[in-house]
Every structure is written in C-alpha cells, then in structure tokens.
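Taking it in order: structure first as structure tokens, then the write-up.
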Amino acid sequence: MSFPYPSGYAPTPGGYAPTPGGYAPAPGGYAPAPGGYAPAPGYPPSGGMPQPAPAPPGLPYAAQPYPSAANYPPGNAFPGQGGMPMPDQSSGYPSAYPAYPSGGGAPYPPGDNSSYPPGANPPYSQGGMPYPSGANTSYPPGGGTPYPTGDFNPSAPAGSTAYPPQIGGSNTVAGGSPYPASGSTQNSGSPYPASSSAPYPTSNQPGSSTMSSGYPTAASSSTKGSTPSVKPQPTNSSATSAYSSQLKDGNLTSYYECAKKPGDSGLVKPLTSGFDPEADATQLKNCLKSSFLNETVIVNILPHRSNAQRQKIRLMYKTMYGKDLLQDLQDRLTGDFESVTVGLLMKPAEYDAYLIHRAIQGLGTDEDVLVEILCTRTNAQIQELGHQYRELYKATIEQHMQGDTSGHFMRMLISLSNGARQEDQGVNAQKAEDDAKKLYKAGAARLGTDESTFNSVFVSQSFEQLRAVFAAYQRLYKKDMEKVIKSEMSGDLEKGMKAIVRFTLDKHSYFANVLYKAMKGIGTDEKSLIRTLVSRSEIDLEQINRSFSNIKGESKPLSHWIKKETSGPFRDMLIHIIGGGH
C-alpha cells in the first residue's frame with residue numbers, strides 16, 4: 001500500500017508495533033497491490049481511496065473479496081487531519097491505517113517477498129522529512145530542503161541563502177536577489193550591472209539633444225565612397241567640456257567661430273528671417289512618411305539652415321512626433337545622399353568624432369582622415385571632439401589609435417590629439433631660426449632622421465610660428481620644408497608632416513586640393529568630398545571655393561566639377577551647400 005502524502009505522518013504515540021512476520025492476507029485473498037486493493041463484488045467505491053479498474057473477465061482475483069477487517073488491528077492510529085476519508089468498519093475496509101512504529105521498526109512487514117527495508121533503516125525519519133536520513137542518504141540531514149542554503153557557496157551553513165543578496169535600492173528582500181533593486185548601483189556583490197551602467201545606449205545619438213535612441217536602425221545600402229549610417233553607442237557621462245558647443249544666437253560659436261580667421265566666411269549661413277522649426281519639422285515628417293520620397297524637400301531645407309538651426313529642427317521633430325529625425329532619415333535614405341544629410345544634421349564636434357572613429361575602427365585605417373582632422377583643427381576643436389569621442393565610444397582617441405597605428409606616425413597623432421599647440425604664442429624670429437637649425441641637424445645634416453625632433457617642433461608651435469620656422473629654413477638652407485619632409489620621411493608619417501606644412505602655409509589651398517583630388521581622375525572620392533564641404537561649410541568654404549579655381553592648371557570652378565562628378569539628389573545637395581544655401 002502506498003501513502004498519498006509525500007511528507008508522511010509522524011509516528012503516533014501508542015501505535016501498534018508491526019506484527020511479526022507481517023499481516024497474512026485473508027483466506028482466498030491476494031497480496032495487497034500498491035496503490036490500493038482490487039474491488040470486490042458488492043462493495044461500492046468509497047470516498048477517497050483510489051479504485052483500480054475492473055479486472056478483465058475470467059481473471060480469478062476479480063471474484064475474491066477484500067481481506068477481512070478482522071485481520072487488521074483496531075484503532076485509529078492515523079490522525080484524520082487533511083487525510084483520506086475512511087469508510088466505517090461495516091464496509092469491509094480497514095477502520096484506520098496501521099500506525100507507524102514508535103521506535104526503530106519498519107512500517108512495512110518484513111519478509112522474503114517484501115521490497116521494503118527491515119527495521120534498521122526506516123524510509124521515513126522521526127522528523128517528518130520525506131527523504132531517508134542517515135549515513136546512506138544523499139539528501140541533506142535534518143528536516144530541511146534539498147536546495148542549497150548557504151551564501152554563494154555549496155558548503156555554506158544552513159540558514160542562509162545560496163543566492164547573492166539584492167544590492168542597494170529600497171526593495172531588498174529577505175533571502176536576497178541576484179538582480180539589483182530599483183535605483184541601485186552596481187557593486188561587487190551583484191553579478192548583474194545596475195541600470196546606470198547598462199551597455200545599451202540610452203540617448204544622445206550624434207547630433208541629438210539628449211533625446212534620441214542609440215540603437216541601430218536598419219542598414220541602408222551604400223555606393224562607392226559613401227558614408228555608412230551613424231549608429232554609435234553614447235553614454236550618460238556627467239563629464240563636461242570647457243569647449244562644449246553652445247548655442248548662441250543661432251551659431252555654434254565655440255566650434256565654428258574659433259576656427260575662423262579674419263576674412264573667413266562660410267557659404268552656409270543662418271536663415272535670418274522666417275525661420276520656423278515647427279514648419280520645417282512638419283514638412284520633413286510629411287516627406288518621410290510618404291510612400292514616394294521627395295528628396296527635394298530635404299534639399300530645400302537642410303542646406304538653407306545653419307547647423308544650430310538644424311539642431312532646433314531636430315529637437316522640434318522629436319517633440320512633435322516622439323522620433324529622432326536623424327534615425328528617420330537614415331531609415332529612408334541610402335548611399336551618398338544619406339551620408340551628406342547625416343553630416344549636416346550632426347553637431348560639428350560629433351561629426352568629427354564620428355569621422356575619426358570610422359577611420360580607426362572601420363575596415364582598415366583611413367590615415368588620410370586622421371591626418372586631415374587632427375592636423376587642421378584648433379586646440380578648442382580637438383578638445384571638444386575628444387570629449388564627444390569619449391561620450392560616444394567610451395574610450396579616448398589615443399586608446400583607439402594605439403591599436404590601429406604604430407611608430408612615429410602614431411606618436412605624431414597622439415601628440416596632435418592632445419590639442420595643446422601653443423596657439424597664443426607670438427612670432428619669435430630668433431626661436432624660429434633656432435628651430436630651423438634643429439630640424440636641419442635632425443635630418444639633412446646626419447645619416448638617418450631624428451623624427452622625434454620634427455614631431456616636437458611641428459606639433460607644439462603655433463601655425464604662425466611654424467611659418468616663421470619654414471621661412472628661416474628656406475633662407476638658411478635653400479630648401480622648402482615640403483621637399484625636406486619628402487627626402488627625410490616616407491609612408492603615413494610623410495603624409496602627416498606634409499599636411500601640417502601645407503595647412504600652415506595656406507589652409508584654403510590645402511582644402512581646395514583635397515576637393516580637387518577627390519574628383520580628379522577615374523572615379524570620385526565621395527567621402528572626402530562630403531567631409532570637406534560639410535565640415536568647412538560655415539567656416540571658410542567661400543575662400544576654399546575661390547582657391548579651387550586658382551589650382552595650377554585648373555580653370556573650371558568647383559560647381560562645374562561637382563555637377564560633372566555627381567548626380568541626382570546628392571549632387572543637388574552639394575550644389576546648395578557651395579551656393580550658400582540661399
């Protein structure tokens with residue numbers, strides 16, 4: 001007979017000891033079957049005891065009566081609480097289950113035919129635990145639980161929990177939880193990060209006003225030289241930058257204005273009258289939700305607004321529709337038109353940070369981009385883009401460059417990424433001559449080249465002072481500095497040093513040549529074309545446009561080359577940029 005309650009019943013004082021030799025079956029009966037006795041004719045099923053199915057016809061046990069109640073000891077040894085309802089004696093069933101033995105014996109009759117253990121090892125312990133106790137059991141001793149109880153340690157003492165406690169917050173409960181509570185911060189006690197340290201982006205996609213999602217959108221197709229969709233993972237760092245891009249009267253003063261020299265003028269200017277960010281956001285939304293995308297709407301708005309005004313449009317779009325304009329544009333646009341649109345919508349420091357990250361972390365390292373940005377930006381710009389880089393990519397520019405560049409070229413880029421050029425130093429003619437002599441001794445006057453000396457002079461001195469150094473070298477040794485670099489260096493280091501020389505001597509001519517090389521010959525370098533036009537659009541693109549026509553052997557204006565080398569909405573966008581957006 002089996003018992004329906006796994007927890008068992010505690011032995012009842014005064015119960016009956018097992019009958020020696022077990023209980024013999026009633027005359028003509030059969031041994032008790034596990035789970036109950038076969039029904040006998042004339043006895044209806046009784047309220048709680050499971051009844052086996054009727055025997056097939058012809059089997060002898062179907063006609064046998066239940067064992068006589070007289071063969072079982074009287075008494076009500078089992079407590080009645082919660083148990084099986086028992087029929088009375090007159091029904092032929094036992095009046096009560098046999099009692100558990102009070103000490104040491106087995107509740108089941110021993111014998112040769114019994115599968116139950118004899119008295120020494122009872123399967124039910126005195127403590128009521130449903131598992132056997134003693135030296136031969138695999139279950140924990142003492143009326144407990146088979147689950148671990150200690151600290152995060154299999155051998156911890158009973159009474160504690162095997163799971164790590166809840167860390168922080170106001171919802172800590174007894175027993176603990178391996179997950180942090182609401183408002184908690186991660187520490188060594190929890191294997192899971194707190195909400196503030198989640199590895200997933202929360203806001204501040206490039207160009208956003210702390211409101212956009214950092215999750216990537218669907219990948220868009222790209223053509224040769226196009227810029228992939230911008231989907232960095234920003235953080236919520238509380239760090240601030242002394243050179244953060246601040247909106248003031250529609251201009252991003254600290255990033256654009258600090259790069260301007262007297263006489264510089266961009267071709268994209270703020271819309272001075274009739275600027276309505278709500279109307280612009282509405283037009284862009286209607287354009288993007290239409291099954292037929294009319295790129296002309298985008299072309300007629302974005303290059304006609306300054307970057308600061310575009311940020312206001314983006315904020316209004318988010319406010320009105322609960323979506324990020326940059327993401328919506330990425331979802332609908334592709335190729336080079338998407339790339340130039342993304343560049344216009346991002347804040348300038350974020351755009352430079354994105355370009356550097358793509359140059360380092362993309363397929364191969366684009367040394368030309370690293371050289372152009374780090375060699376031509378002011379201290380304020382480099383420090384601000386460095387701050388944005390840390391916000392977006394959780395690392396410094398230096399950390400990423402160390403894994404993708406090497407040697408003297410890497411040292412030059414790291415020096416530039418500090419943004420510590422002595423911009424405020426006045427021109428010192430004697431120092432310029434001394435530095436020119438140092439460069440001669442480090443290069444032409446010796447076998448091999450001391451690149452560190454060139455690096456120390458080229459990266460630390462102001463551009464005005466460098467012009468004096470190059471002039472002094474030409475006067476003393478009858479050789480211009482670009483030819484000196486060509487004869488003393490090679491590879492990426494040569495590219496970087498030449499870029500510094502060319503930008504120092506004439507920054508407008510430097511960028512005009514970047515544009516010319518992007519379009520000259522077979523194919524077009526759309527990346528360089530987009531990068532230069534977008535990044536210089538509000539600084540000195542007017543002077544660069546004029547310098548393009550002064551390139552040796554070139555008589556056609558920049559607009560002619562753009563119309564010749566590009567097409568479609570992408571071409572229209574570039575023409576609007578160099579046309580001033582008006």
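Filtering region 390-409 to residues that are of a type in the set (Phe, Trp, Tyr) and either in contact with an Asp or Glu (Cβ under 8 Å, 6 or more places away or on another chain) or on the phi > 0 side of the Ramachandran plot (or both) leaves only Phe409. Residues in region 472-528 that are outside any helix (DSSP H, G or I) and either without any contact (Cβ under 8 Å) to a residue 24 or more places away in the chain or open to solvent by 20 Å² or more (accessible area, probe 1.4 Å) (or both): Lys478, Lys479, Asp480, Ser490, Asp506, Lys520, Gly521, Ile522, Gly523, Asp525. Among the residues examined, Glu350 does not qualify as touching a Ser or Thr at 6+ places or on another chain (Cβ under 6 Å) and either assigned to a loop (DSSP other than H, G, I, E, B) or more than 17 Å from Phe511 (Cβ to Cβ) (or both). Within region 365-395, the set of residues being aliphatic (A, V, I, L, M), under 16 Å from Ser462 (Cα atoms) and outside any helix (DSSP H, G or I) is empty.
One residue alone among Pro232, Pro228 is at pLDDT below 50, closer than 18 Å to Tyr354 by Cβ and touching a Pro at 6+ places or on another chain (Cβ under 7 Å), and that residue is Pro232. Candidates Arg531, Arg546: the one that is of a type in the set (Lys, Arg), surrounded by 22 or more Cβ atoms within 10 Å (Cβ to Cβ) and in a helix (DSSP H, G or I) is Arg531. Return yes when Pro557 is of a type outside the set (Phe, Trp, Tyr), touching a residue at least 12 places away in the same chain (Cβ under 8 Å) and in contact with an Asp or Glu (Cβ under 9 Å, 6 or more places away or on another chain) and no when it is not. Criteria not met by Pro557. Residue-level check: of (1) part of a loop (DSSP other than H, G, I, E, B); (2) in contact with a Phe, Trp or Tyr (Cβ under 7 Å, 6 or more places away or on another chain); (3) of a type in the set (Gly, Ala, Ser), Gly343 misses just (1). For the residues Ser559, Ser555, the requirement of being polar (S, T, N, Q), in contact with a Gly (Cβ under 8 Å, 6 or more places away or on another chain), at pLDDT below 95 and surrounded by fewer than 19 Cβ atoms within 10 Å (Cβ to Cβ) singles out Ser559. In region 445-464, the qualifying residues are those that are in contact (Cβ under 8 Å) with a residue 40 or more places away in the chain and not in a helix (DSSP H, G or I), and the one that is farthest from Val501 (Cα to Cα) is Thr449. Do we have Asp366 as at negative phi, open to solvent by less than 20 Å² (accessible area, probe 1.4 Å) and among the charged types (D, E, K, R) here? For Asp366, the condition - at negative phi, open to solvent by less than 20 Å² (accessible area, probe 1.4 Å) and among the charged types (D, E, K, R) - is not met. Just so you know, in region 316-363 the residues that are among the aliphatic types (A, V, I, L, M) and surrounded by fewer than 18 Cβ atoms within 10 Å (Cβ to Cβ) include one that is farthest from Glu565 (Cα to Cα), and it is Met320.
Phe570 passes every criterion in (1) outside any helix (DSSP H, G or I); (2) under 14 Å from Asp336 (Cβ atoms); (3) not basic (Lys, Arg) apart from (1).
Quick one: is Ile577 open to solvent by less than 30 Å² (accessible area, probe 1.4 Å), among the β-branched types (Val, Ile, Thr) and either farther than 30 Å from Asp480 by Cβ or not in a helix (DSSP H, G or I) (or both)? Spelling it out, Ile577 is indeed open to solvent by less than 30 Å² (accessible area, probe 1.4 Å), among the β-branched types (Val, Ile, Thr) and either farther than 30 Å from Asp480 by Cβ or not in a helix (DSSP H, G or I) (or both).
Output the residue which, of all residues in region 534-543 that are of a type in the set (A, V, I, L, M) and in a helix (DSSP H, G or I), is surrounded by the most Cβ atoms within 10 Å (Cβ to Cβ). Checking each candidate, the answer is Val534. Out of region 354-364, which residues are among the hydrophobic types (A, V, I, L, M, F, W, C) and assigned to a helix (DSSP H, G or I)? Passing the criteria: Leu355, Ile356, Ala359, Ile360. Checked across region 519-528, the condition of being more than 37 Å from the chain's Cα centre (by Cα) and under 30 Å from Gln430 (Cα atoms) holds for no residue. Among the residues of region 553-567, which ones are farther than 22 Å from Gly335 by Cβ, assigned to a loop (DSSP other than H, G, I, E, B) and not small (Gly, Ala, Ser)? Within region 553-567, Glu554, Lys556, Pro557 meet the criteria.
The set of residues in region 406-432 that are closer than 15 Å to Gln383 by Cβ and either of a type in the set (D, E, K, R) or open to solvent by 70 Å² or more (accessible area, probe 1.4 Å) (or both) comprises Asn418, Ala420, Arg421, Gln422, Glu423, Asp424.
Is there a residue being surrounded by 14 or more Cβ atoms within 10 Å (Cβ to Cβ), modelled with pLDDT under 95 and among the small types (Gly, Ala, Ser) anywhere in region 444-458? Yes - at least one qualifying residue is present in region 444-458.
The values are calculated or read from the model by the stated rules, or taken from the named source; none is laboratory data. Since this is a predicted model, take the numbers as computed values, not measurements. Positions of Cβ are generated from backbone atoms using ideal geometry, with glycine treated the same way; all protein chains shown enter the neighbour counts. Quick note on the areas: whole protein, heavy atoms, side chains included, nothing else; ligands and nucleic acids left out. Shrake-Rupley method; radii C 1.70, N 1.55, O 1.52, S 1.80 Å.
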